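Taking it in order: structure first as structure tokens, then the write-up.
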There are 2 protein chains.
Amino acid sequence: MLIHTIDEVREHVKKWKKEGLSVGLVPTMGALHDGHKSLIVNSVEKCDKTVVSVFVNPIQFCPGEDLDKYPRTLEEDNNLCENAGVDIVFAPSPKEMYGEGHILSNDFLTYVIPPYFYVDKLCGKSRVGHFDGVCTVVNKLFNIVQPDFAFFGQKDAQQLIIIKKMVNDLNIPVEIVACPIVREKSGLALSSRNKYLSCTEKEEAVVLSKILFNIKACYNTGIVDIEALKDTAYSLLNENHDLEYLEFRDENDLSEKEKADENTRVFIALKIGNVRLIDNISLKH
Amino acid sequence: MLIHTIDEVREHVKKWKKEGLSVGLVPTMGALHDGHKSLIVNSVEKCDKTVVSVFVNPIQFCPGEDLDKYPRTLEEDNNLCENAGVDIVFAPSPKEMYGEGHILSNDFLTYVIPPYFYVDKLCGKSRVGHFDGVCTVVNKLFNIVQPDFAFFGQKDAQQLIIIKKMVNDLNIPVEIVACPIVREKSGLALSSRNKYLSCTEKEEAVVLSKILFNIKACYNTGIVDIEALKDTAYSLLNENHDLEYLEFRDENDLSEKEKADENTRVFIALKIGNVRLIDNISLKH
């Protein structure tokens with residue numbers, strides 16, 4: 001069932017709760033692919049009722065980013081959800097989420113702000129304010145849907161860690177379920193932004209996962225020196241790859257690692273043409 | 001019933017909700033007086049169950065403020081609550097609320113930040129970060145208790161307006177109930193900080209309400225010019241009164257008024273000795 005208003009969602013959820021049913025939320029920006037689908041499948045399996053939100057959240061886009069051209073495919077998204085057993089697809093307008101007539105800035109809007117230590121690195125470094133927008137909208141969606149469980153992909157690992165931190169810090173009564181990255185056969189992590197890639201670029205994009213798999217393989221042979229592990233990556237890069245970062249950080253609090261270990265996650269971001277792609281891998285056995 | 005842990009509160013509330021009972025929350029910093037009592041009475045009357053939180057929230061005190069010497073009177077507070085029919089007094093430790101071992105700053109803690117437009121004036125101007133701490137802890141308390149109604153006093157009018165804004169912006173499923181200021185016979189608004197006043201200072205402190213009542217009386221005779229209304233105040237001040245602000249602002253969004261009208265609230269803050277006191281009045285008929 002496709003729903004556009006907050007009131008309607010609340011009405012349904014209220015009824016479910018009265019019946020003692022558990023509710024799962026899968027927050028998305030639409031343009032659903034098999035990565036989202038795995039989140040949805042997880043929720044449908046675990047919860048009595050599943051809500052998928054489809055909302056391209058303006059306040060998490062930074063100046064110069066792709067807000068206007070971000071892919072919007074609501075009809076297909078809705079079909080995918082219905083076939084997967086989703087109970088409600090919640091697709092509000094920006095006006096429904098943020099009201100009308102005021103500027104979407106911290107001058108006039110209450111924000112939920114993740115700790116600086118978690119956002120001054122990795123994607124947060126180049127995407128200033130991005131995670132403020134993410135935390136704020138996820139907080140709103142939690143308050144609207146009041147789910148028992150919410151499902152997020154490991155693909156956006158920094159986001160996942162920040163949201164877990166928010167839930168803990170603000171005592172939000174939601175359990176966060178992390179779901180593994182879904183990849184194409186080539187290794188390329190699924191992403192709505194892959195739609196921007198040409199065929200050749202898509203082949204070039206395989207380098208992200210190649211680098212990560214390579215690093216993990218080397219780590220598994222016993223190499224823990226991070227510079228040595230990074231060196232294995234550089235040989236795979238060519239002039240079409242504009243590396244933004246390749247970093248080894250703690251799985252839980254994003255602090256920098258001195259040596260690779262079981263709690264290390266390796267994060268990579270690079271640009272191919274105009275398309276910025278990210279990927280990551282845990283070094284856990 | 002006096003409870004110190006989040007888990008225990010949640011357990012009780014969960015049971016109540018299952019029984020379909022409504023829950024009211026009265027968030028306080030303790031040192032309860034008749035002002036708090038009126039909030040409690042309102043909640044007990046309106047809701048099936050009432051939780052009073054007693055927590056001197058460290059993150060809403062600014063450097064140099066009275067965190068350490070803020071009055072703590074838990075036993076008396078608990079008695080007052082029990083006599084008033086409160087079901088749970090929730091008095092967590094700072095550790096229970098914020099965990100242990102990390103610094104309470106926006107480097108390591110997720111904050112809820114009210115819009116700049118609402119905090120760059122009145123008390124927010126001198127108490128930098130104060131309302132960030134208030135919004136964050138109130139958000140946490142809402143997530144812990146999940147009340148249907150929460151009761152706040154008009155005494156802290158800027159706080160009340162900011163919390164209403166937060167609830168609206170973040171779609172928090174709580175109805176905010178505003179309760180009128182409770183005053184001594186002299187006119188002095190009740191405040192936990194009145195305990196800091198000597199007898200003479202307490203007499204001096206009557207000037208805040210005198211100024212406000214005077215302004216309202218003048219407004220009621222038809223004067224809407226704000227400078228003229230302010231002038232009526234200055235004659236009441238003496239060298240013992242250190243005026244911080246006297247301002248005419250919109251009741252809902254705190255914007256500055258050009259002329260006094262029905263939607264105007266008059267805000268005053270002044271120091272008597274070392275004690276900073278605030279008061280306010282609506283000009284509505």
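Here, each number is a calculation from the coordinates, and none is a lab measurement. Remember, it's a predicted structure, so these values are computed and weren't measured experimentally. So basically every Cβ, Gly included, is an ideal-geometry build from the backbone, and we count neighbours across all protein chains shown.
Just a few scattered comments:
- Sum of side-chain charges, residue A:238 neighbourhood, beta-carbon under 14 Å (Lys, Arg +1; Asp, Glu -1): -3
- Using a 7 Å projection from Cα along Cα-to-Cβ, the label point at residue A:203 is separated from the same position in the remaining copies by 9.3 nm, smallest value first.
- Highest to lowest packing among A:83-94, A:139-150, scored as the average C-beta count within 10 Å: A:139-150, A:83-94
- With N as its number of residues, the protein assembly as shown has a Cα radius of gyration that, divided by 2.2 N^0.38 Å, comes to 1.10.
- Residue B:74 paired with residue B:5, simple spin-label distance in nm, labels 7 Å along Cα-to-beta-carbon: 1.5
- Counting DSSP beta bridges with both ends in the protein assembly as shown, the antiparallel % (nearest 5): 55
- Average other protein chain Cβ within 10 Å of Cβ, residues B:172-183: 1
- Shielding by partners - mean other protein chain Cβ count within 10 Å, residues of A:133-141: 2
- Sorted from shortest to longest, the distances between the residue B:72 label points of this copy and the other copies are 5.4 nm, with each point 7 Å from Cα along the line through the beta carbon.
- Label-point distances for residue A:17 to the equivalent site in the other copies, using a point 7 angstrom along Cα→C-beta, read 0.5 nm when ranked shortest first.
- Stokes-Einstein translational diffusion, chain A - Kirkwood Rh over all Cα pairs, 1.567 mPa s, 4 °C, in µm²/s: 65
- Placing a pseudo-label 7 Å from each Cα along the Cα-to-Cβ vector at residue B:21 and residue A:83 gives an inter-label distance of 4.9 nm.
- Residue of B:165, B:14, B:95 that the Gaussian network model of chain B assigns the largest fluctuation, springs spanning Cα pairs under 10 Å: B:95
- Sorting the segments A:234-241, A:199-206 by their mean number of nearby beta carbons within 10 angstrom, highest to lowest, gives A:199-206, A:234-241.
- The mean sequence separation of alpha-carbon pairs under 8 Å and at least six residues apart, normalised by the residue count of chain A, gives a relative contact order of 17 percent.
- Inter-label distance, nm, simple model (7 Å from Cα along the C-beta direction), residue A:236/residue B:231: 7.8
- Put in line by how crowded their Cβ is, counting other Cβ atoms within 10 Å and starting with the fewest, A:136, B:28, B:221 read B:221, B:28, A:136.
- Look at where the Cα atoms of region B:188-227 and of region B:1-61 average out, and the two centres are 30 Å apart.
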